[in-house]
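Chemist: The structure's right below; bear with me while I get my questions together.
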Amino acid sequence: MIQNDMSRRRLLGLGLGIGAAASLTLAGCGGGDSTSGPAAGNGGKEYTGPKVDLKLWNGFTGGDGDIFKALVNQFNTEHKNIAVSVATYQWEDYYNKLPGAASSGNGPDIAVMHMDQLATFAARGVITELDDVAKNLELSEGDFAPTVWKGGIYNNKRYGIPLDMHPLGFYYNKAVMQKAGLDPNKPPTTKDEYTSALVELKKAGVQGFWVSPFQFTGGMTFYSLLNQWGATLFDAEVAKATFNSDPAIEACTWLVDMIKQGYSPANVGQDADYLSFKSGKNAFTWNGIWQINDLKKSPEVQWGVAPLPQIGSKPAAWANSHNFTIVKQRANDANKVSGAKVFINWLSQHSLDWAKGGQIPARKEVREGAEFKALPEISSLAPELEYAAFPPAAPGLGEVMTTFYNSFNEAALGKKTPKQALDDGVSKANRQLEDNRKKYGS
């Protein structure tokens, strides 16, 4: 198993168990400040108080972790009165550990958190509001991609300051395309072009697009296609699941037909789609932006990357985002909170180096700068920000998303028709959503 891919799968495939862990209500959090008088800070612009030691938790276990730690070290060098120490855990362990640690007073001051986890931890009082940070730093939607900025809001209050966005990208093997007589510098961008390319690849004895039945990456591919067809996973209130609509079934059927028509083998194993791409056995794979750096380590592979082809009626791509949050403590230290806000602002402004780890910066000024554009592969996926399909802000959604991905799994493996698989999934998802309303009081 590729280490980078392993860490990313842990990073993104959170689903089971997290909602239960995060449902622990932090009755002891949000207590009185241990400092007297106003804090020596102004919402993140600067900190002039006594030295504070801050604990920061994250789940960057791959190569991105080294880049992140280097940035923290740079911050510490430039800020003599703030010392940030980093603790790194596997993401699934991290999310399960965080509520209890915060409740007992042993949690971090700062926590990196995915967009789809913010609502759960905000609903249970694990993280604190950051509206004053946005206000004092004069940050607004115009400074970020709108979808990323709105993703940090739950119940009309901000809980996360976005750092980046990581979408699916379209990877194409140039050598395999040439073998089939295709132009290796013109990857398909439409449904007709995609189908035509697969036909030519099949003639050359290549199954060009391996469809994984697993969340990584077939489920996320279906998530993208569902949105391309104009369907939604849930209604506007996230009260009912809607991923069995006619457009959703059509999107699922198109993907499953890739297997039936012989463009993909059946029963593709976990990660086999990506590994076969690297070994020249298939031409196209839809995978995360994080694979760019892994492919750069394999000079024998002739590859390119581009935004996802538009197969449906509009462009769309699965995506998630890292956000900075501040964790509530039993007795909050106002100076620590002020120092934490300075760190969040600083790292957000210095996200170009973070982009080199395989991320698209959330900050518009960084994303539009010449240095970011000089990262050709990563910057090539930046246009997807405008139509990225992010998960909605609803507490306890992890288990529901697992049901969605499991539904696709059953369809891709031929256990059920796409309609039956999605109908059954929606029935289960609606029960889970009802349970979440009872659990989270919303």
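Chemist: Quick check on region 29-59: of everything there that is more than 18 Å from residue 329 (Cα to Cα) and in contact with a strand residue (DSSP E or B) (Cβ under 6 Å, 6 or more places away or on another chain), which residue is modelled with the lowest pLDDT?
Modeler: Applying the filter and picking the extreme gives 41.
Chemist: Then there's this: I need the full set of residues from region 131-154 which are at pLDDT below 90, part of a loop (DSSP other than H, G, I, E, B), in contact with a helix residue (DSSP H, G or I) (Cβ under 8 Å, 6 or more places away or on another chain) and not hydroxyl-bearing (Ser, Thr, Tyr), in order please.
Modeler: Matches in region 131-154: 137, 139, 145, 151.
Chemist: Quick check on region 106-130: of everything there that is charged (D, E, K, R) and part of a loop (DSSP other than H, G, I, E, B), which residue is nearest to residue 146 (Cα to Cα)?
Modeler: Selected residue: 129.
Chemist: Exactly one of these conditions fails for residue 427: (1) crowded, with 20+ Cβ neighbours inside 10 Å; (2) more than 24 Å from the chain's Cα centre (by Cα). Give me its number.
Modeler: Of (1) crowded, with 20+ Cβ neighbours inside 10 Å; (2) more than 24 Å from the chain's Cα centre (by Cα), only one is false for residue 427: (1).
Chemist: Something else: Only residues that are under 28 Å from the mean Cα position of the chain (by Cα) and surrounded by 23 or more Cβ atoms within 10 Å (Cβ to Cβ): list them for region 189-208, please.
Modeler: 208
Chemist: Which of the residues belonging to region 335-361 are small (Gly, Ala, Ser) and either at negative phi or in contact with a Leu (Cβ under 9 Å, 6 or more places away or on another chain) (or both)?
Modeler: Result: 338, 339, 340, 348, 351, 355, 357.
Chemist: Same structure, new question: Looking at the structure I just gave you, is residue 184 touching a helix residue (DSSP H, G or I) at 6+ places or on another chain (Cβ under 6 Å) and surrounded by 21 or more Cβ atoms within 10 Å (Cβ to Cβ)?
Modeler: The answer is no for residue 184.
Chemist: Which of the residues belonging to region 271-297 are modelled with pLDDT under 95 and surrounded by fewer than 17 Cβ atoms within 10 Å (Cβ to Cβ)?
Modeler: Result: 296, 297.
Chemist: Wholly within region 174-254, which helices (runs of 4 or more DSSP H) include no fewer than the required count, namely at least 2 residues that are assigned by TED's automatic domain parsing to the domain that holds residue 286 and among the small types (Gly, Ala, Ser)?
Modeler: Hits in region 174-254: 191-203.
Chemist: Go through region 407-442 and give me each residue that's more than 24 Å from residue 264 (Cα to Cα), free of Cβ contacts under 8 Å to residues at least 24 places away in the same chain and of a type in the set (S, T, N, Q).
Modeler: Of everything in region 407-442, just one residue is more than 24 Å from residue 264 (Cα to Cα), free of Cβ contacts under 8 Å to residues at least 24 places away in the same chain and of a type in the set (S, T, N, Q), namely 427.
Chemist: Something else about it: Mind telling me which of the residues 69, 80 ends up being under 19 Å from residue 164 (Cα atoms), touching a residue at least 12 places away in the same chain (Cβ under 8 Å) and basic (Lys, Arg)?
Modeler: Being under 19 Å from residue 164 (Cα atoms), touching a residue at least 12 places away in the same chain (Cβ under 8 Å) and basic (Lys, Arg) holds for just one of 69, 80, which is 69.
The values are calculated or read from the model by the stated rules, or taken from the named source; none is laboratory data. Worth saying up front: this structure is predicted, and the values here are computed from it rather than measured. When we count neighbours, we look across all protein chains shown, and the Cβ atoms used for this are built from the backbone with ideal geometry, even at glycine.
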